[in-house]
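Colleague: Have a look at this one.
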Amino acid sequence: MIEITHDEIDTGALLRAVESNLAGAAVLFLGTTREMTGDRRTRSLVYEAYEAMAHKKMTQLAEEATRRWSLTGCAIVHRLGELGLREASVAIAVSSPHRQVAFEAGKWLIDTLKEVVPIWKQENWADGTCEWVHPGQPPSATRDPAVHPATLDAPPRRPATEAPPPPMQAEPSSLHADSQANHPSSSGES
Amino acid sequence: MNVQVKLFAVAKQLVGSETAHVDVPDGATVADLRAALVQEYPALSGTLASVVFAVNAEYATDQTCLAATDEIACIPPVSGG
């Protein structure tokens, strides 16, 4: 189940999508709209996407996570449009025979989604101003060709602080635009 | 050749349109496209250094060659989730 929707996310549908007789654990992650970012108050978030590519990248992420962690189920839904406080913008559900793997895969999926899937959020602040959130990392294409599909032989860099993923082959570089840092002013999710 | 570039988020806001149109030489690369966009859309000049481009829904490098039929998109730093 890979979806981009303008409607409220049906979390029950994600959990049903990852049900399996082989699963001993299911983990559901929700990214929700937070009111406070430091001293600033958010009124709402507006999400937009390059939908065809976003769906393709989300599908690649699910396939890669399923392969790397031998998941028994993986579902990703991202919502677009305007979201009020507490509403979920993204939902990820994974299932696996044992819980540790499900937690690890779920974390990798949300972290990587935030780096590579072409979706953007605009903050509508309570003071009436609004701004697009663009993590302040400079671009990749000229600086870091290793993360691009044209140079897939080299595994892309990972943040130095990130633990190595479980048993697996090379990172799927085609997923990456760049390893962008999370933006500190973003109030969506994690 | 004339190419159309999909714009999103701050790039769309700066240009005031969902697409940009620029002329580039046949066989042009993404780097050539960057240069042409700055010429045609000065409003993007401060932003283009931080964007990447996608060609046919895959991330491209500055060396990627373009064809007139390609679907090209300007991808500012993403902020989904």
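Colleague: Please specify each residue of segment B:36-63 satisfying the condition of being facing chain A (nearest Cβ under 9 Å) and either of a type in the set (D, E) or crowded, with 23+ Cβ neighbours inside 10 Å (or both).
Modeller: Passing the criteria: B:V51, B:V52, B:F53, B:A54, B:E58, B:Y59, B:A60, B:D62.
Colleague: Another question, if that's okay. Can you confirm whether A:V101 is out of contact with any Leu (no Cβ under 6 Å at 6 or more places or on another chain), farther than 20 Å from A:A126 by Cβ and within 14 Å of chain B (Cβ to nearest Cβ)?
Modeller: Values: out of contact with any Leu (no Cβ under 6 Å at 6 or more places or on another chain): yes; farther than 20 Å from A:A126 by Cβ: yes; within 14 Å of chain B (Cβ to nearest Cβ): no.
Judged against the criteria, A:V101 is not a match.
Colleague: Then there is this: Looking at segment A:11-31, can you tell me whether even one residue there is out of contact with any helix residue (DSSP H, G or I) (no Cβ under 9 Å at 6 or more places or on another chain) and within 21 Å of A:W120 (Cα to Cα)?
Modeller: For segment A:11-31, residues out of contact with any helix residue (DSSP H, G or I) (no Cβ under 9 Å at 6 or more places or on another chain) and within 21 Å of A:W120 (Cα to Cα): absent.
Colleague: Under 8 Å between Cβ atoms, which residue pairs at least 6 apart in sequence (or on different chains) link something in segment A:44-61 that is without any contact (Cβ under 8 Å) to a residue 60 or more places away in the chain with a partner that is part of a helix (DSSP H, G or I) and of a type in the set (A, V, I, L, M)?
Modeller: That search, which allows pairs on different chains as well, returns A:M58/A:L113.
Yes or no, residue by residue, for (1) over 18 Å from A:A49 (Cβ atoms); (2) under 11 Å from the mean Cα position of the chain (by Cα):
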| position | (1), (2) |
| --- | --- |
| B:A11 | no, yes |
| B:V24 | yes, no |
| B:V30 | yes, yes |
| B:G46 | yes, no |
| B:N56 | no, no |
| B:A60 | yes, yes |
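Only the coordinates and a few stated rules stand behind these numbers; no lab work does. What you see is a predicted model; the values in this text were computed from it and never measured. Positions of Cβ are backbone-derived with ideal geometry, glycine not excepted, and every protein chain shown enters the neighbour counts.
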